[in-house]
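Reading through the C-alpha cells given below for one structure.
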Amino acid sequence: MNQNTFNLVLAPPLKPFFSKSAVTAVGQDCPSDSRDLLHSLVHISEHYAALPTAYRLLKRQLLAVSREYEAHFSAKYSPAAFAMLTKHTLSGHPYPLPATALNACLVQYAPIYFTEMAWLPSIVQTATNQTPLVIDLMAMYLRLTEGNQGIAASRTIYHAHLLANGIELPALHTLAFVKQPDVGDEIFDFAAVQLALAQFPRVLFPEILGFTLSYCQTPSLPEQLFPDNDGEMPNFITARSGRRKQETTALTAIIKAYLSEFSQQADDLWQRIQTGFWLHQQHIAACDHRITALLHTELSPRQAVEKLLATLMPNAIGHHGKIRLGSRTLDEWFKETPFKSANFLASLLHSPYVDRVKPEHSKLLQLFEFNGPMFGVLDGNGKAVLKNWLLSELNPGLTQSKKHKTANYKVGLKSISSDTAPKQAITDNQVEHGDIAQENYAKLSNRQLYFYLVNSDLYPEALSTAKNRATRILVWAKTFNRLPFRYYSHQAFGDYIKSIYRHEADNYKPLKNKPSLSKNAYVWGIKQFAPTILTDGSWLQGVQQLDYYPSHSVGALLHKIYQDETGNGILAQNHPHIYQELLTSLGLKWPPISDKGFANHPGFLDSAFDIPVYLMAISKFPCTLLPELLGLNMAIEISGLGNIYLRLSEELKFWGINPAIVDVHTSIDNLSSGHSALAIKAIQTYLDEVATCYGDAVMQEHWRRIYTGYCSLQAASKRFKFSLIWQYLMRRPRVDSTG
C-alpha cells in the first residue's frame, strides 16, 4: 500500500457514534460545566461516559467561533489566504501589568499550561500509526516536548517555580484543582477544550491543525500580559514559546500536504482549519480578558478579609460554641444565613481581641501565631490580610497597601462574570451530536470487535465491552497462575527476569540445516500474525493519560517505549510500517486495519484477533489497570529476547524473507538499555511509589496484579497458538504448496 492509502484513514467527514441515551444523558457521569468536564477528561479511563459531553462542547464552540469570526474567514484556500490567516495572531498586550503580579498570573495560567499540547499525543493511534501526515505531526510534537520541555518535566518545573514563591497548587488530577475558586472559569474552559480535542483526533483533525497553528504562532498569555518582563519571565515559559515558533514551518507543510491530499474537499477543510485556529485565538482572548481584569482589580482590605472569612467559615462551625463575640457565640455568627459580615467585623473591631491604639499588637493576630489556639489556620498571606484590614480600619496611614494587595491575589480575587466575552446563543438542535450507534458491542466476536477498537475514537461506546474483555482475560490469568516467588523485592524480580533471559539465550542454537517448515508455511504464519503486528505498540497507546497522575514518571517510561514502537516520528522506523512492508514484499494485500474489510478477510483465523483485541482493550484503561499493563508490557518486551527471535530471523533469511521486523525487536527490546530494561524500571518505580505511599503489604498486592498482567499475554494468546498449530496441521499440504 502506498502512503496515500494510509492517509485515507483521515478522509473527511468522520463522526463519532453515540447511542441516543448517551447523547441525551444527564447525571453524575455527565459533567455539568467545564471544570467538571476537565476533571472527567483527566480521568477519562474511569469517566469515558463524559465523551458525548466533550464532543457537544467542542461542536458548540466551533459553531460559535465560525459565526463570531466569519469576517476573518476566507472562503477559498490559497497560499495568500494561508498567509493572511497567520497575520491575525496576537503579539502583545496594549498595557502591561505590574511585575509583582506575575506569579498571580502563573496561578491563573496553570490549568492552560498543564494541558498544553494534550491534543497531539493521541494523534498516533492504532488506526493512524502508519499515516505519514500523522507521523509528521508526531515528530513535531516530540521536538516540542523533548528534554526539559517534556510534559511531566515541564509541569514539575512550573510547580517548583510557584513553590519557590510560596504558592502551592493542588495536583492536576485532584478535584481540588478544578474547584479553585480564585481561578477564572474561562481558564478551565480553555483547558477542557485542549483535553477534549485529544479525544477525537481524526474526527476533528482539520480543527486540530488550525488550533495547533494558532498555538505555535501565538505568544503565551504570561508573555502577552508581561511583555516588558523578559528578564524575570521564567525560562520554561520563554523556551517553550521559542520552540513553538520554530515548528511553524513544519506545521505549515503538514497543513498544505493535508489539503493537497484531499484537494476536492480543500475549501471545506480550509474552513474547518480556520475555525480551529480561531477557537484557540478566542480562548486566548477570553483568558487574557479574565486575567487582566483579575490582576487589575485590587481588593480593598475589607473585601479581602470578607473573602478570607468566607473561606474559613464552613470548617469553623462547631468549634467555637463557647467563644462569644458581643452577645452571640462565634458559631451563632457563622451559622447565620446569609452571614452578616459587616456586623461581625464591626463587633470584632470593638471587642477585646483588637487593640484600637496599636492594632498591629492586637490579640486577634496573636491567636494565629505559634502557641496560639488557632496556629496553622492561616498561612502568612492570610495573616497579612487580617493585619492589613486592622490597619486600614484603625490606622489608615500604616496600611500595608501595595505589598499586601499583591499578596491578596492568592487569597481571593474579585469574581468576574464568565460572560464578559460576547457569545452567540446556540440551541442544542444546531449542534452536531455525531451519528447514532446501532451496534451491540457486547455480542460481537473478537474478529468483529477488532474493527471498533481500531477505530475506538469513532466508537467510544465500545470501551465498556473492551473493559469487560480485558477483565475476563485478567481473571483467567490470575486464577491459573501462581507467583514465581513469595515476596516481591527488586532483587528477586531482577533474578527472575534474568533467569528467563538466560534460559532463552542458552537454548539458542544457530541454524545449520534447512528449516523444518517450508517458505509457504512461514508466509502463512506471517499472514496470521498481521492483525496483531499491524497494531504493534497498541497496548501503550493510552499512556499519555498518566501524565496527569502522580505516576507520571512511570508513564514517561512507557511513553518512551510507545514512541519507539511507532517510530519516534519517522515512518521507516514504525514497527507496523516495517511489518506492512514485509507483507507487501510477500504479495499479501488487504485494506488498512481501520477498514471493516480487513477484519472480514476470510484468510485470517478467528483466533488471530484475540491478542490484538486484548491489547487494544487494556490500552484504554492505563490508569485503572496500570499494574496489569506494566506486567503485560514486561511479557511482551521480554518475549523478543533470546532463542525464539534469533532462530526465527535465521530461518526467514534462509527462505529469502526480510527479517527486519524480528531483528528490530531483538535489538530494541534488549535487557541492558532497551524496552525490557525500561519495562523493568517502570515496574520497580511503580512499586517503590506504592510502597512509599501505602506500605509493603499494599505493594505486594500490586505486585500480584503486575504478575497477573504478565501472565495475561499467555492467556490471551492461548486459543490463537492452538489454532495456529491445528490449522497448519490440518491444511499442511495446501499451505506448503501455495501458502
All conditions in (1) part of a helix (DSSP H, G or I); (2) hydrophobic (A, V, I, L, M, F, W, C); (3) surrounded by 16 or more Cβ atoms within 10 Å (Cβ to Cβ); (4) out of contact with any Pro (no Cβ under 7 Å at 6 or more places or on another chain) are true of I273 except (4)
Criterion violated by I533 - all others in (1) over 23 Å from the mean Cα position of the chain (by Cα); (2) closer than 23 Å to T115 by Cα satisfied: (2)
Members of segment 466-479 that are within 20 Å of Y48 (Cβ to Cβ) and buried (at least 21 other Cβ atoms within 10 Å of the Cβ): A466, R469, A470, I473, L474
Candidate set from segment 365-380 (those that are surrounded by fewer than 19 Cβ atoms within 10 Å (Cβ to Cβ) and assigned to a helix (DSSP H, G or I)); member that is modelled with the highest pLDDT: Q366
Confirm whether I254 is in contact with an Asp or Glu (Cβ under 7 Å, 6 or more places away or on another chain) and assigned to a helix (DSSP H, G or I). yes
Return the pairs, sorted by first residue and then second, in which the second residue is basic (K, R), the first residue lies in segment 638-658 and is farther than 28 Å from S712 by Cβ, the beta carbons are less than 8 Å apart, and the residues are 6+ apart or on different chains. F654/K514; W655/K519; G656/K519; I657/K519
Has segment 391-411 got at least one residue that is surrounded by 14 or more Cβ atoms within 10 Å (Cβ to Cβ), at pLDDT below 90 and among the basic types (K, R)? yes
Breaking point among (1) closer than 22 Å to L641 by Cβ; (2) part of a helix (DSSP H, G or I), for E701: (1)
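Take the residues in segment 480-513 that are assigned to a helix (DSSP H, G or I) and polar (S, T, N, Q); name whichever of them is surrounded by the fewest Cβ atoms within 10 Å (Cβ to Cβ).
Q491
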Selection from segment 170-213 of residues touching a Leu at 6+ places or on another chain (Cβ under 8 Å), of a type in the set (G, A, S) and in a helix (DSSP H, G or I) yields A191, A192, A196, G210
Would a scan of segment 182-193 turn up a residue that is over 30 Å from N165 (Cβ atoms), among the hydrophobic types (A, V, I, L, M, F, W, C) and modelled with pLDDT of 95 or more? no
Sole miss for A253 among (1) modelled with pLDDT under 90; (2) surrounded by fewer than 14 Cβ atoms within 10 Å (Cβ to Cβ); (3) hydrophobic (A, V, I, L, M, F, W, C) is condition (1)
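The values are calculated or read from the model by the stated rules, or taken from the named source; none is laboratory data. Because the structure is a prediction, the values reported are computed rather than measured. Note that we place each Cβ from the backbone using ideal geometry, even for glycine, and neighbour counts take in every protein chain shown.
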